[in-house]
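The structure appears below as structure tokens.
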Amino acid sequence: MKKVERINVIMRYINNRAHFTIAEIMREFDISRSTAMRDIREIESMGMPLVSEVGRDGGYFVMHNSVLPEVRFTDNEVKALFIAFMATRNLQLPYLKSRQSLAEKLLSLISEQQQDTLVLLNKILLFEGTNPHNPDILDLSDLPHPMLEKLLQTLLSDRCLLITIEENVMKTYPIYLLQLYREKSHWHIEGFNLNDDKKQVFSVDQLTDVQPYPNRKRRSEQEILDHLKKQVEVMNVIIDLGPEAIAQFKKYHPKNVSLSYTNPYHSTGVLKTFVDATKSEGVKEMANWIMFLGEDISIRKVPDEVLDVLHGRFDLFCL
């Protein structure tokens with residue numbers, strides 16, 4: 001019997017008894033004393049109000065012989081929760097380590113029939129990034145960058161941060177965090193640099209430390225937002241999309257790209273964005289993405305640097 005199944009059965013076993021001992025649990029479930037004690041501690045941490053009795057005949061009982069106030073889920077709500085667990089495996093999400101204890105608590109609240117349904121769904125459904133040879137719903141094989149949770153914990157109390165980034169050398173930046181987003185399987189920080197008064201993007205993979213920013217040099221959130229409004233970048237990429245290109249756009253598009261539909265059927269549209277032509281990496285990424293959109297596009301405006309990359313790619317294909 002797997003650990004999750006055993007803990008669920010133990011919870012039902014002890015909740016239906018006025019009194020139980022560790023020896024009973026060991027005998028009933030054929031487990032060692034250390035495993036029984038560990039399971040009992042885990043059940044307590046999940047919220048079951050156990051009271052211990054000392055002495056020769058001591059043991060445990062559940063307060064009022066019931067768990068905490070009952071929470072009920074509909075069948076579809078249960079499926080939605082666990083399919084979300086399945087679909088988000090291996091996506092490097094924050095607080096992923098807590099998913100196992102959350103799943104165990106939820107499993108303890110549902111019927112055996114509902115649990116069997118989830119087991120069947122887990123066998124049938126296979127999501128991108130899932131190991132088909134080990135589709136355990138509680139398998140945590142791809143934890144996020146260790147700094148991600150510290151970053152989230154810090155910014156929840158203060159969005160003015162002092163972050164240390166490991167580039168060629170260690171650099172420290174005072175920022176006001178605008179957004180934390182995930183793109184191409186990596187987490188990024190979009191922040192307003194409080195020293196240079198400009199928006200910057202940093203990779204969480206390069207983050208080595210994060211601290212709240214000292215109060216003495218603060219600027220109000222409204223000041224920062226007003227300053228950003230004045231710095232609105234001129235859109236230098238404008239492209240018309242047909243239905244095939246729109247289908248490609250829906251599969252993937254960079255975070256700062258917006259699409260406006262130009263007919264009521266959403267079969268044509270125009271996208272507008274900005275690319276910094278002075279940065280070769282950004283120029284190459286934009287050229288790659290334009291090629292990804294396919295032939296069903298009409299380019300109205302694009303920097304010459306992007307066109308040069310596109311022409312080079314086409315020349316290479318023609319060789």
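Computed values, structure above
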{"read-out": "Of all residues in segment 26-44 being over 38 Å from the mean Cα position of the chain (by Cα) and on the phi < 0 side of the Ramachandran plot, the one that is surrounded by the most Cβ atoms within 10 Å (Cβ to Cβ)", "value": "Met26"}
{"read-out": "Residue within segment 47-59 that is among the hydrophobic types (A, V, I, L, M, F, W, C) and modelled with pLDDT of 85 or more present", "value": "no"}
{"read-out": "Residue match in segment 285-293 (condition: part of a loop (DSSP other than H, G, I, E, B), out of contact with any Cys (no Cβ under 7 Å at 6 or more places or on another chain) and surrounded by 13 or more Cβ atoms within 10 Å (Cβ to Cβ))", "value": "no"}
{"read-out": "Tally, over segment 244-263, of residues that are of a type in the set (S, T, N, Q) and assigned to a helix (DSSP H, G or I)", "value": "1"}
{"read-out": "Residue count, segment 203-225 (criterion: without any contact (Cβ under 8 Å) to a residue 40 or more places away in the chain and farther than 14 Å from His145 by Cα)", "value": "6"}
{"read-out": "Residues located in segment 194-208, provided they are over 20 Å from the mean Cα position of the chain (by Cα) and either outside the structural domain of Glu166 (by TED's automatic domain parsing) or assigned to a strand (DSSP E or B) (or both)", "value": "Lys198, Lys199, Gln200"}
{"read-out": "Residue list for segment 178-197, filter: within 18 Å of Leu93 (Cβ to Cβ) and of a type in the set (A, V, I, L, M, F, W, C)", "value": "Leu180, Trp187, Ile189"}
{"read-out": "Residue list for segment 7-41, filter: modelled with pLDDT under 85 and basic (Lys, Arg)", "value": "Arg12, Arg17"}
{"read-out": "Counted residues, segment 3-37 - those being closer than 22 Å to Ile110 by Cα, in a helix (DSSP H, G or I) and of a type in the set (Lys, Arg)", "value": "3"}
{"read-out": "Near pairs, Cβ below 9 angstrom, 6+ apart or cross-chain, from segment 94-114 (within 25 Å of Lys150 (Cβ to Cβ) and without any contact (Cβ under 8 Å) to a residue 12 or more places away in the chain) to any residue that is surrounded by 17 or more Cβ atoms within 10 Å (Cβ to Cβ) and not charged (D, E, K, R)", "value": "Leu102/Phe85"}
{"read-out": "Residue match in segment 240-255 (condition: among the charged types (D, E, K, R), surrounded by fewer than 16 Cβ atoms within 10 Å (Cβ to Cβ) and in contact with a Lys or Arg (Cβ under 9 Å, 6 or more places away or on another chain))", "value": "yes"}
{"read-out": "Residue in segment 254-271 that is among the small types (Gly, Ala, Ser), touching a Gly at 6+ places or on another chain (Cβ under 7 Å) and more than 30 Å from Val169 (Cα to Cα) present", "value": "yes"}
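Listed here are the residues, each with its yes/no results for (1) basic (Lys, Arg); (2) part of a helix (DSSP H, G or I); (3) under 30 Å from the mean Cα position of the chain (by Cα); (4) at pLDDT 85 or above.
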| residue | (1), (2), (3), (4) |
| --- | --- |
| Phe192 | no, no, yes, yes |
| Arg216 | yes, yes, no, no |
| Leu225 | no, yes, yes, no |
| Val234 | no, no, no, no |
| Asp240 | no, no, no, yes |
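The values are calculated or read from the model by the stated rules, or taken from the named source; none is laboratory data. All of these numbers come straight from a predicted model, not from anything done at the bench. Quick reminder, even Gly has a Cβ in these numbers, built from the backbone with ideal geometry, and neighbours come from all protein chains shown.
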